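The values are calculated or read from the model by the stated rules, or taken from the named source; none is laboratory data. In this text the structure is predicted, and so the values were computed from the model without any measurement. Because the Cβ atoms are built from the backbone with ideal geometry, glycine has one as well, and the counts that use them run over all protein chains shown. These area figures cover heavy atoms from the full protein model, side chains too; ligands, DNA and RNA do not enter into them. Shrake-Rupley method; radii C 1.70, N 1.55, O 1.52, S 1.80 Å.
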Amino acid sequence: MSDEKREPLPNPAHIPEKLLKPYDPTETEPRIYKLWEESGFFNPDICVEKGITAPNAKPFTIIMPPPNVTGILHMGHADMIALEDVMIRYHRMKGDRTLWIPGTDHAAIATQSVVEKEILKKEDKSRHDLGREAFLERVHAFAKQSHDTIVSQVKVMGASCDWSREAFTLDNMRSLAVRTMFKKMYDDGLIYRGTRIVNWDPKGQTTIADDEIVYEERTARMYTFRYGKDENGELFPIAISTTRPETKVGDTAVAVHPSDERYTQYVGKTYKIPDFCGVPLTIKIVADEAVEKDFGTGALGVTPAHSMADWDIAERHNLPKIQVINEFAKLTIGDERIINKKSTVAREVIVEWLRAEGLLEKEEDIKQNISTAERTGGIIEPLPKLQWFINVNKAIPGREKNGKPQTLKDIMREPLADGKIKIIPDHFDKTYFHWIDNLRDWCISRQIWYGHRIPVWYKNAGTPNEEIFTGIEAPSENTNNVWTQDEDTLDTWFSSGLWSFSTLGWPEKTPDLATYHPTDVLETGYEILFFWVARMIMMTGYALDTIPFHTVYLHGTVRAADGRKMSKSLGNGINPLDVARDYGADAGRMALMVGASPGLDTKISYDKIKGYKNFANKLWNIARFVIHYTGADLITKPAELSTKDAILLAESDTLFAEITKEIEEYRFHLASEKLYAYVWHNFADIIIEESKPILGGNDTGAHASRAWLLQELLRRSLIGLHPFMPHITEELWSLIPKESDNLLIVTKWFSTEISKS
RNA sequence: GCGCGAUUAGCUCAGUUGGUAGAGCAACCCAUUUACACUGGGAAGGUCGCAGGUUCGAGUCCUGCAUCGCGCACCA
């Protein structure tokens, strides 16, 4: 049959006006989002109220990783929202009691430093010029504005999250959770205050956690030398190597390996050096396993106060720990040559002195990893400081498993070891365990102002009569201001660690907590596996004796088309708002989904996005065709389908069953690709093309069968695509013939649909 | 140093339990008042990083190596 024999086109009067034009996402998407918001279906309580969800339906919960209130959303956020929205919409359509809680993160250091930079740039003032209260007002104003921008962007992406439950890591409820947790851990002896070597960021003027350090490889000059002559005029017997000669004024020992015969004769002896560039030193020779025989001279100058490893050696051998560098990275010891000088300046002075004294034996360039602060780029200066820590190795009072006391480390390790929590992709397990094995106590205090202030108060601070009060609220008998609160704030990840249950109302015993916790999936980027995922597992295990979620889905980094990270300075960034404006959020979501395997980085380009904009238009035209040729009214299923149509229907049964399985098993890249391939290259290119002669022909039986099939396949395509491309599918759903008037967002997924037909 | 990942068509990547290599984009040929040019049809394109091994059969499993990327540790 050829095209010429087709009957004249039916009058297109029954085709909705807007279907006659190409699909316009810019007009459609915001309107559809508003429609959903007004329907209330983002809130599971309303779904139950309106009879969409059974009251006893299985809950499905995702807590959104809260974007930092430091600016605007990037493609990584868009990816996160797209993935989570796919899961959420799928489960909602399946009939689960589905909850997705949105929120934002105060991101203490990150936000504070953005505002500090802005104030410095615009007003040439530091936070100290403004004072704590005035400065915090500025930060709050910035955070508020940033929050509003972020919320509007999340909405543009089509996120079907429950805004009535929105949370902020620094709001009143979360603050109560933080203080409650601090007190609980303090009372259990898991939080303690102590002097330890911390990672001090001289630029940010605060401590940072081990995992906030970024290592940069640089070439450094290593000097090999001897300290000088002892009081008897004898040259110190052992040469040592260092890249930081200025710290050597704080040395109290030289450590050698116990089995190193070169130095055995000296172990145990103490040498007094009256003049090391003006500073008297007392050096004990100790034997310690931590020393590597083959590095440098095999002897390590021990500087307890300015090196983690040396601090540990000093602890083991009971050595004095002399701090010689302060918070501004300046020397605090010596004569006018070095005192109050920057460490880099003092280094030159000491090297010159060594050279002049004939003590310098060797200089060489070595590759060195230098520690820098993630947020400020400052070079980390290890310093001993009085800080608050969480002890990860202490037995938790009253907590035992198999007769053995449990530590916080155990709580982090066990759910993964037992398979109660599954990471996708699973090879991240190994990284996770490795991290836990190397974990040290977590330094949780920060010398910044923006954040949760440490809920500890002191009376007679700094005196022998000092009293400490830790509480959820300030001490009540504070009429004369005898109690002063700790100046420091908590590491932002402390509040993030509570996120999976603080968002559900903890420490109150709320119905939400009972219904939706443990949550189901945590979807996030692999780069915060330790920062965040491990801490949530720890905090939840400790506070609730359960897991925060059963599945961790890790997505990769969204990169620019050139494979590099997107950045402002490179100018290779893609802004989700521009994507939504020019191509539609649906197209952007599909582009992020197709071909993005879990845990692997993915590249995105306007070319790719454009492909899915074309796909949206294809879907639009499929709907136009089907309505055009089969009418705007619902066709009832014929008693008997043509043989061919029965096969096509069965094929689609199989396909949608496969897609359901792919979604269930977190293979969104395959689900989306299969949908795309089917709708375009099967439904449109083959089935619709074949239908033209049938619909124009004289075989009324075949015509009726095919007309019904086309409408049915269109409905199925929209249902299947809805989690991925929610706006256009919802819009088309409103225009096509169907049995129920329900919005697509709450239309039943295939399990029931397919078995019915 | 330890660990993880990647290596498949020109480019970007799929390929879930081993069974004749797939898609999108680009390039090539053809079509053009067709639901749609935000289009359709066609053809072309691959020793699946290298070397071994297991197997009737390996892109897929095992061993080793190489290159790239990442994490951790060291960083005197």
**OP:** Taking only region A:611-620 into account, find how many residues are near RNA strand B (Cβ under 6 Å from one of its atoms), touching a helix residue (DSSP H, G or I) at 6+ places or on another chain (Cβ under 8 Å) and under 18 Å from A:Glu27 (Cα atoms).
**Re:** 2
Subject >> Qualifying residues in region A:651-667 (those that are part of a helix (DSSP H, G or I) and open to solvent by less than 50 Å² (accessible area, probe 1.4 Å)) - the one nearest to RNA strand B (Cβ to nearest atom) >> reply: A:Glu662
Subject >> Residue check for A:Lys293: at pLDDT 90 or above, open to solvent by 70 Å² or more (accessible area, probe 1.4 Å) and charged (D, E, K, R) >> reply: no
**OP:** Please determine, by comparing only the residues of region A:29-65 that are under 29 Å from the mean Cα position of the chain (by Cα) and of a type in the set (Ser, Thr, Tyr), which one is farthest from A:Val579 (Cα to Cα).
**Re:** A:Thr61
Original post:
Could you list, in sequence order, the residues of region A:593-609 that are closer than 18 Å to A:Glu84 by Cβ and either in contact with a strand residue (DSSP E or B) (Cβ under 7 Å, 6 or more places away or on another chain) or charged (D, E, K, R) (or both)?
Top reply: A:Ala596, A:Pro598, A:Gly599, A:Thr602, A:Ile604
**OP:** Please go through region A:606-636 and pick out each residue that is farther than 16 Å from A:Ala580 by Cβ, among the hydroxyl-bearing types (Ser, Thr, Tyr) and surrounded by 22 or more Cβ atoms within 10 Å (Cβ to Cβ).
**Re:** A:Thr630
Original post:
Tell me, which residue of region A:340-367 that is surrounded by 15 or more Cβ atoms within 10 Å (Cβ to Cβ) and within 16 Å of RNA strand B (Cβ to nearest atom) is nearest to A:Gly228 (Cα to Cα)?
Top reply: A:Leu359
**OP:** Specify which of the listed residues (A:Leu718, A:Leu709) is open to solvent by less than 10 Å² (accessible area, probe 1.4 Å), more than 14 Å from RNA strand B (Cβ to nearest atom), more than 21 Å from A:Ala82 (Cα to Cα) and modelled with pLDDT of 95 or more.
**Re:** A:Leu709
Subject >> Of all residues in region A:427-466 being of a type in the set (Gly, Ala, Ser) and surrounded by 13 or more Cβ atoms within 10 Å (Cβ to Cβ), the one that is nearest to A:Val139 (Cα to Cα) >> reply: A:Gly451
Subject >> A:Val579 vs. criteria farther than 18 Å from A:Glu712 by Cβ, in contact with a helix residue (DSSP H, G or I) (Cβ under 9 Å, 6 or more places away or on another chain), open to solvent by less than 30 Å² (accessible area, probe 1.4 Å) and at pLDDT 90 or above >> reply: yes
Subject >> Pairs with Cβ under 7 Å, 6+ apart, first in region A:270-286 and more than 11 Å from A:Tyr227 (Cα to Cα), second open to solvent by 70 Å² or more (accessible area, probe 1.4 Å) and not in a strand (DSSP E or B) >> reply: A:Gly278/A:Arg337; A:Ile285/A:Lys269
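Residues checked against (1) within 13 Å of RNA strand B (Cβ to nearest atom); (2) part of a strand (DSSP E or B):
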residue	(1), (2)
A:Lys272	no, yes
A:Pro280	no, yes
A:Val286	yes, yes
A:Val291	yes, no
A:Thr297	yes, no
A:Gly301	yes, yes
A:Ala309	yes, no
A:Ala314	no, no
A:Ile322	no, no
**OP:** Quick one: which strands (runs of 3 or more DSSP E) lie wholly within region A:133-227 and hold at least 3 residues that are crowded, with 17+ Cβ neighbours inside 10 Å and under 24 Å from the mean Cα position of the chain (by Cα)?
**Re:** A:191-201, A:206-208
